[in-house]
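Reading through the structure tokens given below for one structure.
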Amino acid sequence: MFMTRIKICGLTRGEDVDGAVAAGADAIGFVFYPPSPRYVAPEAAAALVARLPPFVTAVGLFVNPAPEAVEAVLAQVPLGLLQFHGDETEALCRSFHRPYLKAARVRPELDLVQYAAAYPSAQGILLDAFVQGYGGGGKTFDWTLVPAHLGKPLVLSGGLDPDNVGQALARLKPQAVDVSSGVEQAKGIKDRAKIQAFVAAVRAADRAAGPDGD
């Protein structure tokens, strides 16, 4: 059975990290974008990452960062994957010598195949809703805008929650899903029951898709 990878993003508290790991998350995301209500300082993030067991990936989210800002975070926080949500160039994204995802804020006029091709070194392309600000808006986007063949592994984000993620997986068959506001009590404060329900919904969709994910 194909197992869709699950990332829980925007964590700020140790108990939420523990809850996400216990529920079966594959990756935990930390926001290093100071304007975000989910921002976590590098010192605090380092303590949260220290709680992760082996084979759960720590992901750092950045928006149009200065290179030295990313380097400062990496000096303190052992991140396994970087996630860029702004207008970063491919050269900047790959300059840190870490695997990375490049986010696309989906709208009708954006050619997603062309966008993905502009980041050949990316591990995948994360599709998010086009909202005011960057991510965490809790809004879905028009899934019909996603091409059948993106040219890169697809990470689906944007307004996912326990109620709609199964439908999203059946329609788009992404390699991974990324959720933040859909499993929260408040911005940056996660709800353990919602995380468990989200993971359960993903796994149910995986089982429904069959052994090959079709």
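Look at (i) 16.0, 46; (ii) 16.7, 52; (iii) 19.3, 58: the one that is Rg and Dmax of the Cα atoms in Å derived from this structure is (i).
Just to verify a number: FRET efficiency for MET1 and THR144, C-beta to C-beta distance, R0 = 45 Å, to 0.05? Intermediate values should be presented prior to the final figure.
Values: r = 27 Å, r/R0 = 0.60.
The pair MET1/THR144 has a calculated efficiency of 0.95.
Rounded to the nearest 0.05, what FRET efficiency do ALA72 and LEU172 give with R0 = 35 Å and r taken as the Cβ-Cβ distance? Could you check? Intermediate values should be presented prior to the final figure.
Numbers: r = 36 Å, r/R0 = 1.02.
After rounding, the FRET efficiency stands at 0.45.
Note: relative contact order over the chain, using C-alpha pairs below 8 Å and six or more positions apart, is 22 percent. Given in Å, the Rg to one decimal and the Dmax to the nearest whole number for the Cα atoms of region 120-199 are 12.8, 38. Sequence-distant contacts, meaning Cα pairs under 8 Å at least 6 residues apart, place the relative contact order of region 63-124 at 32 percent. For region 69-86, backbone phi angles converted through the Karplus equation (6.51, -1.76, 1.60; θ = phi - 60°) give residue-by-residue couplings of 5, 5, 4, 5, 5, 5, 5, 10, 10, x, 7, x, 8, 10, 9, 10, 10, x Hz, Gly and Pro being listed as x.
Restricting attention to region 148-214, which trypsin sites (Lys or Arg not before Pro) occupy a DSSP loop and are surrounded by at most 14 other Cβ atoms within 10 Å? Write out the running numbers ahead of the final one.
Values: sites: ARG171, LYS187, LYS190, ARG192, LYS194, ARG203, ARG207; in loops: LYS187.
Within region 148-214, the qualifying trypsin sites (Lys or Arg not before Pro) (loop, at most 14 other Cβ atoms within 10 Å) are LYS187.
Taken along the Cα-to-beta-carbon direction at a fixed 7 Å, the label points for ALA50 and LEU110 span 3.7 nm. The label-point distance for VAL131 and ALA41, in a model that sets each label 7 Å from Cα toward Cβ, rounds to 2.7 nm. Our estimate of slack between ALA193 and ARG13, defined as 0.36 nm per intervening residue step minus the Cα-Cα distance, is 63.2 nm.
Cut-off 12 Å, label point 7 angstrom out along Cα-to-Cβ of ALA208: give me the residues of region 144-170 whose amide nitrogen falls inside. Under 12 Å, as judged by backbone N against the label point of ALA208, lie 163-170 of region 144-170. Shape summary: region 81-165 maps onto an equivalent ellipsoid whose semi-axes, from the alpha-carbon gyration tensor, are 21, 14, 12 Å in decreasing order. DSSP bridge analysis restricted to the chain gives an antiparallel fraction near 5%, rounded to the nearest 5. The charge dipole of the chain, taken about the Cα centre with unit charges on the Cβ atoms of Lys, Arg (+1) and Asp, Glu (-1), comes to about 240 debye, rounded to the nearest 20.
Where a number appears in this text, it was derived from the coordinates with a stated rule and is not lab data. The shown structure was predicted, so the numbers you read here are calculated from the model rather than taken from an experiment. Note that each Cβ is placed from the backbone with ideal geometry, even for glycine, and that neighbours are counted across all protein chains shown.
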